[in-house]
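Working notes, structure below.
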Amino acid sequence: MPRLLDFKLTIETGDRGTEGPVLFSINNHQVPLENLMGGTGPGETLEGGFSVNSFAHSLTLIGPEAGEWGIKSIKVDYNCENTEPYSVTFGEVTLNDRTEVNIWQDPPLPTFDV
């Protein structure tokens, strides 16, 4: 498991938006996203990230404190130690005050020609 230096989220909201704050959980510690741009209203796109500099045993996006948040897609750009940066896109999900979605994905395995 590589050390996660930082990550950036791009969240595309569907037809059900939410009001902030947008929180994530890293190793069971709830933290707000930083450097936010955009919004979480219906049809809006939010970008934000965080400098973690730790091993990510778990990384989740936390649902809103009230109501439901219909998310169309989540793109995560990961920057890990000793590996090339990589991105993963997750599909549709609906979050509420009792749900979280796992957004951690291990780096792709190295490939080489033989």
Going through segment 4-37 one residue at a time, which ones are charged (D, E, K, R) and assigned to a strand (DSSP E or B)?
ASP6, LYS8, GLU12, GLU34
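Residues in segment 95-104: is at least one among the basic types (Lys, Arg) and touching a Ser or Thr at 6+ places or on another chain (Cβ under 9 Å)?
No, segment 95-104 contains no residue that is among the basic types (Lys, Arg) and touching a Ser or Thr at 6+ places or on another chain (Cβ under 9 Å).
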Among (1) on the phi < 0 side of the Ramachandran plot; (2) in a strand (DSSP E or B), the one test that PRO42 misses
(2)
Give GLU100, GLU81 a once-over and let me know the one that is charged (D, E, K, R) and either touching a helix residue (DSSP H, G or I) at 6+ places or on another chain (Cβ under 8 Å) or closer than 21 Å to ARG3 by Cα (or both).
GLU81
I need the full set of residues from segment 42-72 which are in contact with a Gly (Cβ under 6 Å, 6 or more places away or on another chain) and of a type in the set (Ser, Thr, Tyr), in order please.
THR45
Top-ranked residue in segment 23-78 [being within 22 Å of GLY91 (Cβ to Cβ) and among the polar types (S, T, N, Q); ranked as surrounded by the fewest Cβ atoms within 10 Å (Cβ to Cβ)]:
SER58
Looking at segment 55-114, which of the residues that are of a type in the set (D, E, K, R) and under 12 Å from the mean Cα position of the chain (by Cα) is nearest to VAL31 (Cα to Cα)?
GLU100
Selected residue (criterion: surrounded by the most Cβ atoms within 10 Å (Cβ to Cβ)) from residues of segment 82-96 that are at pLDDT below 95 and at negative phi:
THR83
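The values are calculated or read from the model by the stated rules, or taken from the named source; none is laboratory data. Everything numeric here is computed off the predicted structure, so don't read it as measured data. Positions of Cβ are generated from backbone atoms using ideal geometry, with glycine treated the same way; all protein chains shown enter the neighbour counts.
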